[in-house]
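The values are calculated or read from the model by the stated rules, or taken from the named source; none is laboratory data. As the structure is a prediction and not an experimental result, all values here were calculated from the model. Neighbour counts are summed over all protein chains in view; Cβ atoms, including those assigned to glycine, are modelled from backbone coordinates with ideal geometry. Heads up: the accessible areas ignore ligands, DNA and RNA and are worked out on the full protein's heavy atoms, side chains in. Shrake-Rupley method; radii C 1.70, N 1.55, O 1.52, S 1.80 Å.
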Amino acid sequence: MNSKNMGKALKAKIDDWCKHIDNEEIVKVIKQNVIITGGALVSMLQSEEPNDYDIYFKTKEACKKVAEYYAIKWNELHPNTARVKVG
């Protein structure tokens with residue numbers, strides 16, 4: 001796969017992730033701050049299906065916002081378990 005097609009495929013993967021997020025602010029944070037690295041890129045260059053995608057954020061603040069979003073979701077879905085906090 002060439003780099004142009006890789007970029008399209010990675011954008012599609014991020015877009016698919018964002019379809020499952022019900023907070024537009026978090027979607028915006030993800031789309032503006034996500035960096036995909038790791039073996040997925042090598043797999044794509046070799047025309048293989050990636051096993052997973054290593055996701056990093058450009059800023060600590062972006063990472064914290066996304067983590068807080070998922071902590072809230074976890075706590076809502078698991079009311080009888082220990083609370084997840086982002087510190």
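A few remarks follow.
- From E24, E76, E68, E49, residue being among the charged types (D, E, K, R) and either at pLDDT below 95 or in contact with an Asp or Glu (Cβ under 6 Å, 6 or more places away or on another chain) (or both): E49
- Evaluation of K8 against the conditions (1) open to solvent by 90 Å² or more (accessible area, probe 1.4 Å); (2) in contact with a Pro (Cβ under 6 Å, 6 or more places away or on another chain) shows that the sole unmet condition is (2).
- Remark: I21 falls outside the filter, which requires a residue to be outside any loop (DSSP other than H, G, I, E, B) and under 11 Å from the mean Cα position of the chain (by Cα).
- Residue pairs whose Cβ atoms lie under 7 Å apart, sitting 6 or more positions apart in sequence or on different chains, and linking a residue in region 9-28 that is within 22 Å of W74 (Cβ to Cβ) to a partner that is open to solvent by less than 60 Å² (accessible area, probe 1.4 Å) and outside any helix (DSSP H, G or I), are I14/V34; V27/I21.
- When V86 is tested against (1) among the β-branched types (V, I, T); (2) surrounded by 14 or more Cβ atoms within 10 Å (Cβ to Cβ); (3) in contact with an Asp or Glu (Cβ under 9 Å, 6 or more places away or on another chain), exactly one condition is not met: (2).
- Number of positions in region 49-71 that are without any contact (Cβ under 8 Å) to a residue 24 or more places away in the chain, farther than 15 Å from W17 by Cα, open to solvent by 100 Å² or more (accessible area, probe 1.4 Å) and out of contact with any Gly (no Cβ under 8 Å at 6 or more places or on another chain): 3
- Within region 29-48, tally of residues that are under 30 Å from R83 (Cα atoms), touching a residue at least 24 places away in the same chain (Cβ under 8 Å) and open to solvent by 50 Å² or more (accessible area, probe 1.4 Å): 1
- Verdict on S43 being at positive phi and either assigned to a strand (DSSP E or B) or among the small types (G, A, S) (or both): no
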